[in-house]
Amino acid sequence: MAPTPAGNQRTRIHVVSDVHGNARDLARAGEGADALICLGDLVLFLDYADHSRGIFPDLFGVENADRIVALRTARRFEEARVLGASLWAGLQENRATVIEEAVRKQYAELFAAFPSPTYATYGNVDMPPLWREYAGPGTTVLDGERVEIGGRVFGFVGGGLRTPMRTPYEISDEEYAAKIEAVGEVDVLCTHIPPEVPELVYDTVARRFERGSRALLDAIRRTRPRYALFGHVHQPLVKRMRIGATECVNVGHFASTGTPWALEW
């Protein structure tokens, strides 16, 4: 990492989201920056671009991964749930135990790759109870909280809203809105999911609208942060747009690009 700025020195922040197991590039993501920000989704459960990668194919094979991706892409969520349930039922071990062991293995590698300092919040596929166990002294975990970096105030809100996918860290609209409210007015608003704007939530490869937050959109219009940064949608229709005075930027998908987004002032 670059030395901590002082006086009139410029500050450079690198931002990543949707890491999905890419520990190799994560270890280099902070090079040349004063700090790294990570907006979640560290875990790789199933790679929709390469069905051989992730916890799911490790357990059930690539053929079953192909089947479940096809069902989800076709929005046949109930059939996908039935298939998944039948596969999990065939395991000898408890499902929760198997998943936690696999996630722990990924977290051990990924958190070790974080540079210092790193400021991070959860994605919808993450398991928040494990984060403080793996986060080292140089990593600050924030959710519904604020921090000052280089004289600017950054607010962090993690997780996603409830969907038929039923990923691990999905919360109610009310709980999410309360975290947005707790953050209040900031210079840079950092979230895992985007505001509820069609161009920002539509995934052009998955061919579906992901869930964005209306509360987040309202807060952007009301509090007018300089930037709203987020990930979650891997191949958005629009990667960047202005909402009033706010520059909204999708900083994912780090897993495929390996390149952080840079903010400098």
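What is the spread of the Cα atoms of region 49-158 along each of their three principal axes, largest first, in whole Å?
Result, largest extent first: 51, 29, 22 Å.
Can you give the convex hull volume of the alpha carbon atoms of region 213-262 per residue, in Å³?
Taking the convex hull of the Cα positions in region 213-262, it is 73 Å³ per residue.
With every protein chain left in place, what is the accessible area per residue of the chain in square angstrom, probe 1.4 Å?
Working: 12180 Å² over 265 residues.
On a per-residue basis, 46 Å².
When all C-alpha to C-alpha distances in region 146-265 are sorted into bins of 5 Å, what percent of pairs does each bin hold, rounded to whole numbers?
Cα pair-distance distribution for region 146-265, in percent: 2, 12, 22, 25, 21, 12, 5, 1, 0.
Pairs of Cα atoms under 8 Å, at least six residues apart: use those to get the relative contact order of region 38-142, whole percent. List each step's numbers first, then the result.
Details: 99 pairs, mean separation 34.7, N = 105.
Worked out over region 38-142, it gives 33 percent.
Ignoring any ligand, DNA or RNA, what whole percent of the accessible area of the chain comes from carbon and sulfur when the probe is 1.4 angstrom?
Exposed carbon and sulfur together represent 48 percent of the surface.
What's the local net charge at residue 14, with K and R +1, D and E -1, over the other residues with C-beta under 13 Å away?
Neighbour charge sum, excluding residue 14 itself: -2.
Highest first, please rank the peptides 141-153, 13-25, 251-263 by the mean number of other Cβ atoms sitting within 10 Å of their residues.
Per-residue mean Cβ counts within 10 Å order the peptides as 13-25, 251-263, 141-153.
Just how far, in whole angstrom, is region 138-166 from region 75-102 if you go by their alpha carbon centroids?
If you average the Cα positions of each part, the centres end up 29 Å apart.
Would you mind working out the magnitude of the charge dipole of the chain relative to its Cα centre, with +1 at each Lys and Arg C-beta and -1 at each Asp and Glu C-beta, to the nearest 20 Debye?
Dipole of the chain, to the nearest 20 debye: 560 debye.
Label residue 116 and residue 166 with points 7 Å out from Cα along Cα→Cβ: what is the distance between them in nm?
About 4.1 nm separates the two model spin labels.
Principal axis lengths of the chain from Cα atoms, whole Å, largest first?
On the principal axes, the chain reaches 61, 36, 29 Å in Cα extent.
With the chain treated as a Gaussian network of Cα nodes joined by springs under 10 Å, which of 185, 93, 101 yields the largest mean-square fluctuation?
93
Quickly rank 113-126, 161-174 as a protection proxy: mean count of other C-beta atoms within 10 Å, highest first.
Answer by packing, highest mean first, reads 113-126, 161-174.
At 222 nm, what value in deg cm²/dmol follows for the chain if DSSP H runs of at least 4 each add -39500 (n - 2.57) and the sum is divided by all its residues, to the nearest 500?
Helices in the chain give a 222 nm mean residue ellipticity of -9500 deg cm²/dmol.
The values are calculated or read from the model by the stated rules, or taken from the named source; none is laboratory data. This is a predicted model, so every value here is computed, not measured. Heads up, the Cβs are rebuilt from the backbone with ideal geometry, glycines too, and the neighbour counts pull from every protein chain shown. The area values use the complete protein model at the heavy-atom level, side chains included, leaving out ligands, DNA and RNA. Shrake-Rupley method; radii C 1.70, N 1.55, O 1.52, S 1.80 Å.
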